[in-house]
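K.L.:
Mind having a look at this structure? Questions to follow.
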């Protein structure tokens, strides 16, 4: 049953991501959601995607208070105007006065600041100071072009002295998913981490959009020396909160990918062998592997390929990587 639930959660998130804008529920739909959602308690926060968890809990409060759908008194503002106010509030984090200013610019004058405030508060949106910092997802989207993340992974390797764990430091550009991986080491101390970070910075030095932020976890290998070096290079280190692996999920996903698709299929014989395996996979990953988040383009590809009307099998070439373990396909140039 747990597997069924996990599958449905994933499927629901995929479907929700493909529906633009907000979903407006009808009264009988809200009743169904409340009926099956309330028994879940706080777990509903991890499941619900059709509306925000805050909206769902507001429905519960309104149900307890027995609030009427159409209260007696002056009629409320039109639904379209209400949705416009909420749209501006969510997308900008503006306070009530600035929202009112945007409405005035749009030629909407028959509304006052208090009405804007009432509409925003009824929806459960916090006042501007509490919204100004934004969500983590908003931070990632805003800074995607100049935002990188890093993390370590290990691979057990056979050496003349027996089995040892070698460490690899990975840097990822969060907008394109491009990866830069360092040579491995058995002793990833502060000096080694700082040295590899310098190599990474030299690697991206000629780019138009240089790194401005670097996300990392609370591993002690990311020392004060490492952070100071980044600051000296004009890069702000962003240390993640305690026990928050999901905030660095893209790099974690790459580590899972390189292990499942490549490293777990090999017995690594020493540092040179491991560095070769990692380097070959990273080259394939950056230049050949399709990514759904990039409309199925590899990280280092900018423009999509031209659309072909016909398919001829003799024009399709299969390229092998890592001794044939991984295959990619491309058209033979005319």
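K.L.:
With the checklist (1) surrounded by 13 or more Cβ atoms within 10 Å (Cβ to Cβ); (2) touching a strand residue (DSSP E or B) at 6+ places or on another chain (Cβ under 8 Å); (3) more than 30 Å from residue 213 (Cβ to Cβ) in hand, flag the one item residue 325 doesn't pass.
P.N.:
(2)
K.L.:
Identify all residues within segment 77-101 that are farther than 24 Å from residue 59 by Cα and over 30 Å from the mean Cα position of the chain (by Cα); write none if there are none.
P.N.:
If the condition is that a residue be farther than 24 Å from residue 59 by Cα and over 30 Å from the mean Cα position of the chain (by Cα), then 97, 100, 101 are the ones that fit.
K.L.:
Only one of (1) in a helix (DSSP H, G or I); (2) surrounded by 18 or more Cβ atoms within 10 Å (Cβ to Cβ); (3) touching a helix residue (DSSP H, G or I) at 6+ places or on another chain (Cβ under 8 Å) is not met by residue 284, so which one is it?
P.N.:
The single condition residue 284 does not satisfy is (3).
K.L.:
Could I ask something else about it? Could you run through segment 161-208 and say how many residues are under 24 Å from the mean Cα position of the chain (by Cα) and either without any contact (Cβ under 8 Å) to a residue 24 or more places away in the chain or not assigned by TED's automatic domain parsing to the domain that holds residue 248 (or both)?
P.N.:
First pass over segment 161-208, keeping only residues under 24 Å from the mean Cα position of the chain (by Cα): 168-182, 197, 200-201, 203-204, 207-208.
Next, from what is left, pick out any that are either without any contact (Cβ under 8 Å) to a residue 24 or more places away in the chain or not assigned by TED's automatic domain parsing to the domain that holds residue 248 (or both): 182, 203, 207-208.
Residues meeting the conditions: 4.
K.L.:
Out of segment 297-319, which residues are under 23 Å from residue 254 (Cα atoms) and surrounded by 11 or more Cβ atoms within 10 Å (Cβ to Cβ)?
P.N.:
If the condition is that a residue be under 23 Å from residue 254 (Cα atoms) and surrounded by 11 or more Cβ atoms within 10 Å (Cβ to Cβ), then 297, 298, 299, 300, 301, 319 are the ones that fit.
K.L.:
Now for a different question. Of the conditions (1) assigned to a strand (DSSP E or B); (2) out of contact with any helix residue (DSSP H, G or I) (no Cβ under 9 Å at 6 or more places or on another chain); (3) under 30 Å from residue 224 (Cα atoms), residue 237 clears all except one; give me its number.
P.N.:
(2)
K.L.:
Further, regarding this structure: Report yes if some residue within segment 23-39 is under 26 Å from the mean Cα position of the chain (by Cα), within 26 Å of residue 89 (Cα to Cα) and at pLDDT below 80; otherwise report no. Lay out the reasoning, then the answer.
P.N.:
So the first thing to find is which residues in segment 23-39 are under 26 Å from the mean Cα position of the chain (by Cα), and the list is 23-24.
Restricting the remaining residues to those that are within 26 Å of residue 89 (Cα to Cα) gives 23-24.
Narrowing the set further to residues that are at pLDDT below 80 leaves 23-24.
Yes, segment 23-39 contains at least one residue that is under 26 Å from the mean Cα position of the chain (by Cα), within 26 Å of residue 89 (Cα to Cα) and at pLDDT below 80.
K.L.:
Being exposed (fewer than 10 other Cβ atoms within 10 Å of the Cβ), modelled with pLDDT of 75 or more and not assigned by TED's automatic domain parsing to the domain that holds residue 121: is that true of residue 54 here? Working first, answer last.
P.N.:
Details: exposed (fewer than 10 other Cβ atoms within 10 Å of the Cβ): no; modelled with pLDDT of 75 or more: yes; not assigned by TED's automatic domain parsing to the domain that holds residue 121: yes.
Spelling it out, it is not the case that residue 54 is exposed (fewer than 10 other Cβ atoms within 10 Å of the Cβ), modelled with pLDDT of 75 or more and not assigned by TED's automatic domain parsing to the domain that holds residue 121.
K.L.:
For segment 195-226, what are the residues that are under 24 Å from residue 176 (Cα atoms) and part of a helix (DSSP H, G or I)?
P.N.:
Residues satisfying the conditions are 196, 197, 198, 199, 200, 201, 202, 203.
Quick grid of which residues meet (1) at pLDDT below 90; (2) in contact with a strand residue (DSSP E or B) (Cβ under 8 Å, 6 or more places away or on another chain); (3) over 24 Å from residue 254 (Cβ atoms):
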position	(1), (2), (3)
132	yes, no, yes
140	yes, yes, no
144	yes, no, no
158	no, yes, yes
181	no, yes, no
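The values are calculated or read from the model by the stated rules, or taken from the named source; none is laboratory data. Please read all numbers here as calculations on a predicted model, not as lab measurements. Positions of Cβ are generated from backbone atoms using ideal geometry, with glycine treated the same way; all protein chains shown enter the neighbour counts.
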